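Asks: The structure is given below, and queries will be raised subsequently.
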Amino acid sequence: MALADDFQSAAERAPKLPKRPPNDILLQLYALFKQASVGNVEGDRPGFADFEGRAKYDAWSKLQGKVQEEAMQEYIALIERLEQEQNA
């Protein structure tokens with residue numbers, strides 16, 4: 001199975017995790033997904049009042065320059081780790 005297929009499969013399984021991961025893990029998943037699917041962060045940083053948008057933007061911007069394939073691999077690995085932990 002190609003990396004893109006594995007990534008798509010992991011993305012489809014993410015919302016089906018038995019337990020909601022902590023916010024820091026959710027931000028990591030978001031940032032890896034965006035870096036893998038879009039590339040480097042785009043647009044302006046959200047305003048001060050948009051706490052969630054700002055946190056997402058900041059998490060994504062930390063991955064600036066990471067190759068999309070590497071972000072896909074990390075995303076897949078994180079989803080698999082979460083599935084193993086939650087099914088243990």
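Asks: Sorting check: for 65-71, 13-19, 55-61, which peptide has the highest mean count of neighbouring beta carbons within 10 Å, and how do the rest follow?
Replies: Working: 65-71: 13.7, 13-19: 11.3, 55-61: 17.7.
Averaged packing, sorted descending, gives the order 55-61, 65-71, 13-19.
Asks: Here is a follow-up. Evaluate the chain: find the radius of gyration of its Cα atoms, find its Kirkwood radius, and give the ratio Rg to Rh.
Replies: 0.99
Asks: Here's a follow-up. Per the helix-only calculation at 222 nm, which mean residue ellipticity applies to the chain, given -39500 (n - 2.57) for every DSSP H run of n ≥ 4 and division by its residues, nearest 500 deg cm²/dmol?
Replies: Numbers: 4 runs with 57 residues, N = 88.
About -21000 deg cm²/dmol.
Asks: Also: Compute the distance in nm between two label points, each set 7 Å from the Cα along the Cα-to-Cβ direction, one at D5 and one at K62.
Replies: Roughly 3.3 nm, to one decimal.
Asks: Right, something else. What's the ranking of 2-12, 25-35 by average number of surrounding C-beta atoms within 10 Å, highest first? Each step should come with its number before you reach the end.
Replies: Details: 2-12: 14.3, 25-35: 20.0.
Top of the packing list down: 25-35, 2-12.
Values in this text are rule-based calculations from the coordinates and carry no lab data. From a predicted model like this one, the values you see are computed outputs, not experimental measurements. So basically every Cβ, Gly included, is an ideal-geometry build from the backbone, and we count neighbours across all protein chains shown.
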